[in-house]
1. Which is farthest toward the positive dipole end of the chain among Gly196, Val25, Ile266, measuring Cα position about the Cα centre, with Cβ charges +1 (Lys, Arg) and -1 (Asp, Glu)?
2. Using 0.36 nm per residue of separation minus the Cα-Cα distance, give me the extension gain between Asp192 and Arg53 in nm, one decimal.
3. 7 Å from Cα along Cα→Cβ at both Ala252 and Leu120: what's the point-to-point distance in nm?
4. Calculate the tail of P(r) for the stretch 54-163: the fraction of all Cα-Cα distances greater than 19 Å, expressed in %.
5. Across the stretch 3-110, how large is the tail of the calculated P(r) beyond 23 Å, expressed as a percent of all Cα pairs?
6. Taking the dipole about the Cα centre of the chain, with the C-beta of Lys and Arg at +1 and of Asp and Glu at -1, give me whichever of Ser122, Val163, Val51 is farthest to the positive side.
7. When Ile254, Ile48, Ile279 are ordered from fewest to most other Cβ atoms inside 10 Å of their Cβ, what list results?
8. If you only keep lysine pairs separated by 8 or more in sequence, or across chains, how many in the chain come under 29 Å at the Cα atoms?
Amino acid sequence: MRFSVIVTTYNRPDALQAVLRSLAVQVDKAFEVLVADDGSRDETALAIAEVARDFPVPLVHLWQEDDGFRAAAARNLAVAASRGDYLVFVDGDCVLPPDFVARHRALAEPGWFVAGNRVLLSQDFTAKVLQTPLVELHGDSRLSWLGRRFSGAINRWLPLCFVPGHGWRKRQPQRWQGARTCNLAMWRSDFDAINGFDEAFQGWGHEDADLAIRLLRAGVQRKDGRFATAVLHLWHRENDRSNLAENERRLAEILAADRRRAAVGIDTYDAERVSAAVIQKFGKISG
């Protein structure tokens, strides 16, 4: 089972480099990485090329024109270019622990999507993380992270602890709330069945909730990824939320309806359109 890790980014090359470096040191190497670039400037392409010099897995950079916040479209584009059976979505400001892919692989199960969670880092600690070799960060003990919780460097400590078992992860199989694309995984076949992300969602907010609702409508249930797959979310200023009211209206509309497929989704991406969006390819890629 091959994984495709989709990393969304926009004009934050330092954070993206940290995320890619954390992917480069995963203990499970059976995956590819696709950077879904929502119109970044040239600095992002240069940052990816720098990290990719000795990247251990296939890495593809896809770019779409900067026409406002269009994360849903960027993710659909990346999925259309992917080759994996299973999709893992993360944001380009979420640093991953070295067992992140392995934990998601252990949780993958037909008929289920997995919603993980995150630990928020403070502004000061984020600046330190971006200057710290990830090997040192990954080697820190749970006690060190507990100290950071007490100092205010992170907002939560418990998500960094691992709790084994699968049964308890299925206690809320119909819950869509809290499913976020900073840490969300599903089968490619399930993603295609609902036509991926709905690109009508533009601007910040709720395109991930809409996706989760439609997955549930299609019979795909939710498995809890907490206490296994937590990511470290780097601090950033609050995103522009000027389009939030419209996205909330769209979310209310999908909740009131029984629609499963996105009106404008992944089925709009043919091979020519995908090929035109590829900026760079790295790693062991054939074809």
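Read the figures in this text as sums done on the coordinates, not as results from a lab. From a predicted model like this one, the values you see are computed outputs, not experimental measurements. Counting neighbours? That spans all protein chains shown, and the Cβs are built from the backbone with ideal geometry, glycine included.
1. Val25
2. So the extension gain works out to 46.8 nm.
3. 2.6 nm
4. Value for the stretch 54-163 (Cα pairs over 19 Å): 59 percent.
5. So the pairs more than 23 Å apart make up 20 percent of the total in the stretch 3-110.
6. Val163
7. Starting with the residue having the fewest Cβ neighbours, the order is Ile279, Ile254, Ile48.
8. Close lysine pairs under the 29 Å cut-off: 6.
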